[in-house]
Amino acid sequence: MGSAVSGLCSEAETNSVNLAPVHECLFPLHVMKATRKVSDFLEMEGVPEAHAMLKQRSLLHEWHSGMFVLFISHQWLSSSHPDPQGRQVAVLRDALQGMINGSVDVTVDFISRTHDARSMSQRTRQQIAKGYLFFDWFAIPQITARTEGINEESTRSDAASAVKSIPAYVEVSNMFIALVPEQLHKETGLLCNYASWLSRGWCRAELWCHLLSNKPDTSMVVVYSPAEAEYMFPLDWQHNLISEGDFTVESDRSTVVKLGDMAVMSKIQHLSDEGPLSHFRFYLALRPRLLGRERRDRTLEEFLLHFRFQGLQEAAEDESPMNGTLSAVMSGDVKMLRLLAANRADVNFKLCGLGELGYFDTQTVLMAAAKSRQEPEMLSALIELKADVETRSRSNIVCAYLVRSPGHVKVLADAKANLEASWPLNGPAALASTETVAAMLKFRCDPNYDYETFGVRYGPLHSMTLFGRSNRDAVTTAQLLLAHRANVNAQAKPQGAFAQKCRAAQLEVAAKGFEACPMQTRFEASAPGITPLSLAALMGHEDLVKVYLEFGAEMIPNARGDLPEDPAKRKRGVLGGVLTVSDFLRMSGPPEAHGHMKEKGWLRAWHPGMFVIFTSHQWLGSAHPDPQGQQCAVLRKALLGVISGSLQVQTDPVTLINRVSPVISAGLRQQIADGFLFFDWFAIPQITARLEGVNEDETRSDAALAVQSIPAYVEVSSLFIALVPELTHTVTGARCNYISWLSRGWCRAELWCHVLSNKLSTSLIVVHSAQEAEFMSPLDWQRHSIADGEFTVESDRSKVVQLGEIAVRAKIEYLSSAGPLSSYRFYLAGRVQLLRQKTHKYWERDAFLQQFRFPSLQAAAKDTSSMNGLLCATFAGDVNLIHNLVYMEADVNLRLHGLEHFGYFDGQTLLMAAAKSHQPARVLAALIELAADVNSAAPNGTNPAYMMRSPEQMHVLLNARADLHSPCLPLGLAPLTGVASFSSTETVAAMLQARCDPNPSLQGIGYGPLHGATFFSRSNRHAEGTVKLLLAHAADANARAKPQGNYSWICALARSQCAVAGFETSPFMSRAFASLPGLTPLAAAAFIGCQPVMQILLRHDAVAAANDRGDWPDTLATSNQHLHLLPDLSTFGV
């Protein structure tokens, strides 16, 4: 038919896709539409119909310029029909539909992912939806199974012409898909999968014609299953030569090899004309190896001319991605390598700019020689020329990891490379031949691994299983490793950065659902505790599953609880129960359960881009979280207030005094209005009250899985709300409020997972009532460790504590790479205290410098950053380091700066930081011994005595003659007021024993210890005991606040604001300052809604009295929506 047959073969139209067509077209290209607009491929079911029937039904279209064509390469599953049961096309239909709607996330292969974050774009998904499909069975007429002796090259039928035109079809196609789900061949019973597809000569030819074309995009998608597709690893095609492929018709080999030759030569010619020069040199160097030809050494003049270098010195000193040294190595030219090295070429240079070809930045030239399968003599020459065999790339691998032959292994062994560690064995097990692995084992490589010694993430069996789909030797390698006593039941233990990746993957799986995530994410989510058997099951590698079972593999769950056959894996953690905020605001009464809400169609499945508000709260009943709808009523009113702007969210009072309060912007208010709400009762299916002895972590119900996933839901949510109005539990009668919420282990876990996430904003809103919401004080979460929390189910404690450990470790690892350095040091220093670890080891000097990233102890001592060496040592509680740093002239009276977001404000001293961070008394004693000023004050006047958090700290300051009595001007509060507000009852008792006055003179802001204990009683679980203690020491239950000086003016301004805007619609702090003059402790308790403190005061003869504005306690309670207090206040008249 000639090269001008039909529209496909006209030069102008072919050039619209490929500027340099290489292969001859002998038959028109017929394609099928891939969208749902007509009776097309995606709407078909069952076994695919042949060309003639589809053509009869007018479902085929002849190719023309402008079509977006998907070329589908696959193996036939029988001799007479490519897919006799329709299994392959079923996978293809689902995968294409997933690509179109975004549920199948196509990303780069496992290995390239550390260097390339590319994924399928929205534009490509749209092109697929509107595109056309080439699938040989319906695109080529009368195609038949091909048997030995029948060479279609010699026939002239349309079918033969079409088959011969397949390389041309590939070239004009826009996307290449290798359809390789694991299936059995109908007649032979052999597995057909990615490895077998890679072995086929014709499949290799199709692949090469695509990858070596001159299209702008030659990436290739491998479809493993309906839910898994990835871009091909570049070395997969480079290591699968056409000349070595399997051919059903052996006489095809020479013809098809010529196609490869043409493709390589055309690629080189195109790169010669168009560049880039690095790629031209790369393909030129590899051409003999790619084409299976013998290579030859070149003279210097030939080499320079061949690779386009101006001279020997330029070739030796070139720093481009394909310099002279790499050109010599990749072309296997040892003599030229030696000549270049003699002219000072660097044999230890790090690669750059060749990542898309499979050679990643920071890998060495020795690694490139190994992974490109050069002869052992090349590696020997490099090592002889001083190439370092132990240099590591940024992914922490060495050359031994990349060996590809027994010869490579011997060369490295002779060079004394460390082959005995298990980590280098992971590479050959995954990517090399069984013979190479055998050579490694011969040199005493350990088929098992030592986590503590090497920090290995997983062992050779795991590695081989993970990459086994592209390695034809996977089964024999597994058998060899097991014969050498590799542990078939070994469980992976990710550490370091990889552990952080696993945690992030678990969050993604929890949010999207297991099957909706890419395989890389599914693997990372499953990796902690996974066995080789489970990994083989996850990867769908049937032969490896059989091998492992034969060698005694057991059904061991991973850390997530997944077994190899566990069907719960498909359902785990789908966040499928969020409700639109607008729907929630229209509801009333007690919230309905998940099942009812789902029936009514109100619930939405989470997807990326949703603005989700996670609502954390306590249950008010054993069978229903909010049986009277009181919590939800508060939440509805609060959300309406935030959206309308009538409820202004400010920082907590302490933070507000020290820094400017953030505000909720109009944009955030709109996001809340348009957002979605997570509330466990309607978000989680069939959740029940949890009783002692019933640990849902061990169950397999949907409810239990969802409960386990709650911390993950927190991390994918955009806003966190602690819903903590003061209410009474309907069964126990216990008070449920902010203090009780903070005491709960699960609530702390939710809180920590939010605060320690890597979201841009980790601020948290505490809703105390319909009229009051504030941003949480940073110290509230820091002083409430998960380990100390209360659990209904005690056996939950260890599992939930692990969540905290993972969150802290992940935060530190994230900050280690992303910064800022001050935050990294803060969390690193505070880790032991945050996690309540029982053993406190002092830092060794070198470890301290390395971990905290100081070049020397002198630098740590002289550092003036916000987390300098002395602050790191103090927050770590390390007295030895404190002494060493001060001896190096570190300033023990330094002033803090830049740590406000952690609750440590500018101008406070190191001694204050030690006190308020709950450091042991010995730390304060060391600082004082080293001349820290015990009376040095912050800009607002507060001093170390004001910040004390334990009786032991108090005794240290007392012995140092700190002033425990004088008011801290300009704030005007006595140290006892600060301790009563924020510390324990025992600390208050110690101060009273030291003769601190419970009724000090009032200055500045003008209130005393009893007011302070009351004002901050909602977040201090010691408040009730402190109030009783103060009253027992004759604190005045009817004392009236008397703001003075500037604070008197602030109160007057607040009164004016409330008069203009209205008291109830003014910000909380404006209401507080407006109410402060003349406010009694009883009125303060009514104002903040603290019923226990109010009742204590009433029992100690507190009387209802109006403040200077005329507000009575019941009025203040009503204005702030604390209506539960009114019965206690009803005995008082006006």
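The values are calculated or read from the model by the stated rules, or taken from the named source; none is laboratory data. Bear in mind that the values here come from a model prediction, so they are computed numbers and not experimental data. All Cβ positions, glycine included, derive from the backbone under ideal geometry; neighbour counts span all protein chains shown.
For the reader, a short list of remarks on this structure follows.
- When the criteria are applied in full, Ala734 meets the requirement of being surrounded by fewer than 22 Cβ atoms within 10 Å (Cβ to Cβ) and either more than 30 Å from Ala913 (Cα to Cα) or within 18 Å of the chain's Cα centre (by Cα) (or both).
- Subset tally (residues that are of a type in the set (Lys, Arg) and not in a helix (DSSP H, G or I)) for region 469-526: 3
- The residues on offer are Leu286, Leu305, Leu271, and the sole one that is outside the structural domain of Thr218 (by TED's automatic domain parsing), within 40 Å of the chain's Cα centre (by Cα) and without any contact (Cβ under 8 Å) to a residue 24 or more places away in the chain is Leu271.
- When Arg503, Arg472, Arg485 are checked against the criterion of being over 23 Å from Ala95 (Cα atoms), in contact (Cβ under 8 Å) with a residue 60 or more places away in the chain and surrounded by fewer than 20 Cβ atoms within 10 Å (Cβ to Cβ), a single residue qualifies: Arg472.
- Selection of region 343-390 for residues being of a type in the set (Lys, Arg) and within 26 Å of Gly292 (Cβ to Cβ) yields Lys371, Arg373.
- Scanning region 583-601 for residues that are touching a helix residue (DSSP H, G or I) at 6+ places or on another chain (Cβ under 6 Å), closer than 27 Å to Glu508 by Cβ and without any contact (Cβ under 8 Å) to a residue 60 or more places away in the chain gives no hits.
- Only a single item in (1) in contact with a helix residue (DSSP H, G or I) (Cβ under 9 Å, 6 or more places away or on another chain); (2) crowded, with 17+ Cβ neighbours inside 10 Å is not met by His1033, and it is number (2).
- Matching residues in region 394-414 - criterion: being of a type in the set (A, V, I, L, M, F, W, C) and part of a helix (DSSP H, G or I): Cys399, Ala400, Leu402, Val409, Val411, Leu412, Ala413
- Matching residues in region 828-861 - criterion: being closer than 21 Å to Trp781 by Cβ, in a helix (DSSP H, G or I) and touching a residue at least 24 places away in the same chain (Cβ under 8 Å): Leu828, Ala829, Gly830, Val832, Gln833, Leu834
- Residue among Ser763, Ser769, Ser817, Ser866 that is within 28 Å of the chain's Cα centre (by Cα) and under 30 Å from Ser1070 (Cβ atoms): Ser763
- Members of region 605-662 that are of a type in the set (D, E, K, R) and part of a helix (DSSP H, G or I): Arg636, Lys637
- Subset of region 742-759 (residues that are out of contact with any strand residue (DSSP E or B) (no Cβ under 8 Å at 6 or more places or on another chain) and either among the acidic types (Asp, Glu) or farther than 11 Å from Leu719 by Cα (or both)): Leu742, Trp746, Arg748, Ala749, Trp752, Cys753, Leu756, Ser757, Asn758
- Selection count, region 1064-1110, where residues are under 17 Å from Leu1053 (Cα atoms) and not basic (Lys, Arg): 18
- When the criteria are applied in full, Phe875 fails the requirement of being assigned by TED's automatic domain parsing to the domain that holds Ser757 and either touching a residue at least 40 places away in the same chain (Cβ under 8 Å) or over 30 Å from the mean Cα position of the chain (by Cα) (or both).
- Considering the conditions (1) under 28 Å from Val654 (Cβ atoms); (2) among the β-branched types (Val, Ile, Thr); (3) in a helix (DSSP H, G or I), Val886 is excluded by exactly one of them, (1).
- Cβ-Cβ contacts under 9 Å between residues 6 or more apart (or on different chains), taken from a first residue in region 121-133 that is touching a residue at least 40 places away in the same chain (Cβ under 8 Å) to a second residue that is of a type in the set (Val, Ile, Thr) and assigned to a loop (DSSP other than H, G, I, E, B), are listed as Thr124/Val106; Ile128/Thr35; Ala129/Thr35; Lys130/Thr35; Gly131/Thr35.
- Positions within region 57-108 being crowded, with 16+ Cβ neighbours inside 10 Å and without any contact (Cβ under 8 Å) to a residue 24 or more places away in the chain, in sequence order: none
- Output for region 362-397, where each listed residue is over 30 Å from Lys501 (Cβ atoms), under 40 Å from the mean Cα position of the chain (by Cα) and aliphatic (A, V, I, L, M): Leu379, Leu382, Ile383, Ala387
- When each of Ala810, Ala773, Ala818 is tested for being farther than 22 Å from Ala504 by Cα, of a type outside the set (Lys, Arg) and either surrounded by fewer than 14 Cβ atoms within 10 Å (Cβ to Cβ) or in contact (Cβ under 8 Å) with a residue 60 or more places away in the chain (or both), the lone residue that passes is Ala773.
To keep it simple, each residue is scored yes or no on (1) farther than 30 Å from Tyr887 by Cβ; (2) of a type in the set (Gly, Ala, Ser).
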residue: Ile786; (1), (2): yes, no
residue: Ala818; (1), (2): yes, yes
residue: Leu834; (1), (2): no, no
residue: Ala847; (1), (2): no, yes
residue: Lys862; (1), (2): no, no
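- Candidates Ala873, Ala915 - the one that is aliphatic (A, V, I, L, M), under 29 Å from Ser661 (Cα atoms) and assigned to a helix (DSSP H, G or I): Ala915
- Number of residues in region 332-374 that are of a type in the set (D, E, K, R), assigned to a loop (DSSP other than H, G, I, E, B) and farther than 17 Å from Ala316 by Cα: the value is 2.
- Taking region 165-214 as the region of interest, the helices (runs of 4 or more DSSP H) fully inside it that hold 2 or more residues being hydroxyl-bearing (Ser, Thr, Tyr) are 194-199.
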